[in-house]
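Each remark here refers to the structure printed beneath this line.
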Amino acid sequence: EKGGYDYFMLKEIAEQPKAVADTLLGRIDASGLLTLDEVRIPATVLREVDKIVIVACGTAFHAGMIAKYAIEHWTRIPCEVELASEFRYRDPILAPRTLVVAISQSGETMDTLMALRHAREQGSKVLAICNTNGSTIPRESDAVLYTHAGPEVAVASTKAFLTQVVACYLVALYLGQVRGTKWGDEILAVIRELSQISRQVEQVLETMEPVRELARSLKDKNTVLFLGRHVGYPVALEGALKLKELAYMHAEGFAAGELKHGPIALIEEDLPVVVVVPSPRGRSVLHDKIVSNIQEIRARGARTIVIAEEGDESVVPYADHLVRVPQTPTLLQPLVATVPLQVFACELATARGNEVDQPRNLAKSVTVE
Ligand code: F6R
């Protein structure tokens, strides 16, 4: 049942191109527009939405963080993203024109379920993004957009995460399309780019041997840090979470801009720091800022592991290890940049003799608050 792989996690990492393609399948029509009929919330209601609140836990929360950048950019609707466990207990402001998006692979996470129940009691509409047909969260929501990742068995979420990001983007683009924003042309272009992503994830998977080798060489380290900006920030958090849960190592993700507000004090000789570099094309200011962050940490002795787009030569002088990902628009980069981090964590866990599919102390779905 592991299809020739040693672990479900490896199988599920390898299935990501298909999971992404399946999540797009049937949702884009011949003219390049989205047809999300399954989102049963009528367009009239969606046009009235004046706030979006995303609730989720763990990896699904990281997908939600990425979604916020896309939703606010493409729809101009204010979007908050909050850990479901925090949201429920702080008396959040919810109204009938608030759209709550609950993201959950299992559809059974108790904190997320309690958050959506609370939102519905306040009269808000809830859209679930879920991977498990007929599970509790979609059953209790007003509408559901299923991720078509297929069953995810390994405790550490991989293919579900990528498809959650894709589904969030579909929701963002759909809202943009229904409401008609000034980004109409960009939305069409992004839908086209999204169709390329599956192939690009495949390309990343084909070039992972050096990442595995690097992971093995770090097996006796105690700490790994991850830095990113913009959508690279949640990618950094996700890379750190994977490493914690699988390799049982101290791993932390930071927004690169926060470095000088504290975390840079952690940098010491030979400390591995993974940096997610956004595309130098498009908003190049983001890119240039992170390149100077890499210089800063390297000057203080960090061992830099740089994830950067093919053709980005500016990072070469400062990268002790360079991991290339295909060229994508900045907002889509998490779909390719997360993959090496999954492989990295999986290989480190293996090298440390850990049980990859069943990390200690963790359960696949957390059905207690
Ligand atoms: C991490 C992981 C967890 C889940 C979280 C939410 O690899 O798998 O952090 O993402 O427990 O689970 P779901 O998505 O089922 O609500």
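Of the options Pro138, Thr207, Ala255, report the single residue whose Cα projects farthest towards the positive end of the charge dipole of the chain (beta-carbon charges: Lys, Arg +1; Asp, Glu -1). Going by the charge dipole, the pick is Pro138. Among all the lysines, which ones have a C-alpha under 20 Å from Lys221's C-alpha, if same-chain residues fewer than 8 places away are not counted? Counting by Cα, and skipping residues close in sequence, Lys221 has these lysines nearby: Lys242, Lys244.
Among the lysines of the stretch 1-108, pairs that are 8 or more positions apart or on different chains and have alpha carbons within less than 25 Å of each other number 4. Take every pair of alpha-carbon atoms less than 8 Å apart whose residues are at least six positions apart; their mean separation over the length of the stretch 194-251 yields a relative contact order of 27 percent.
Is the C-alpha gyration tensor of the stretch 25-97 telling us rounded, prolate or oblate? Criteria: a/c under 1.5 is rounded; beyond that, a/b larger than b/c is prolate, otherwise oblate. Note, shape of the stretch 25-97 comes out prolate. Semi-axes of the equivalent ellipsoid for the chain, computed as √(5λ) from the eigenvalues of its C-alpha gyration tensor and ordered from largest down, come to 32, 23, 20 Å. Here the Karplus relation 6.51 cos²θ - 1.76 cosθ + 1.60, evaluated at θ = phi - 60°, turns the backbone of the stretch 293-301 into coupling constants of 4, 4, 4, 4, 6, 5, 4, 9, x Hz, with x for every Gly and Pro. Classify the stretch 85-214: rounded, prolate or oblate, from the alpha-carbon gyration tensor (a ≥ b ≥ c, eigenvalue square roots; a/c under 1.5 rounded; otherwise prolate if a/b is larger than b/c)? Since a/c reaches 1.5 but b/c is at least a/b, the shape of the stretch 85-214 is classed as oblate. The residue list Ser106, Ala128, Leu170 was ranked by how far each Cα lies along the charge dipole of the stretch 91-191 toward its positive end, using unit charges on Cβ atoms, and Leu170 comes out on top. Contact order, relative form, for the chain: 19 percent (alpha carbon pairs under 8 Å, 6 or more residues apart, mean separation divided by residue count). In this calculation the C-beta distance from Arg40 to Lys260 is compared with R0 = 30 Å, giving a FRET efficiency of 0.05.
Where a number appears in this text, it was derived from the coordinates with a stated rule and is not lab data. In this text the structure is predicted, and so the values were computed from the model without any measurement. Backbone-built Cβ (ideal geometry, glycine too); neighbour counts: all protein chains shown.
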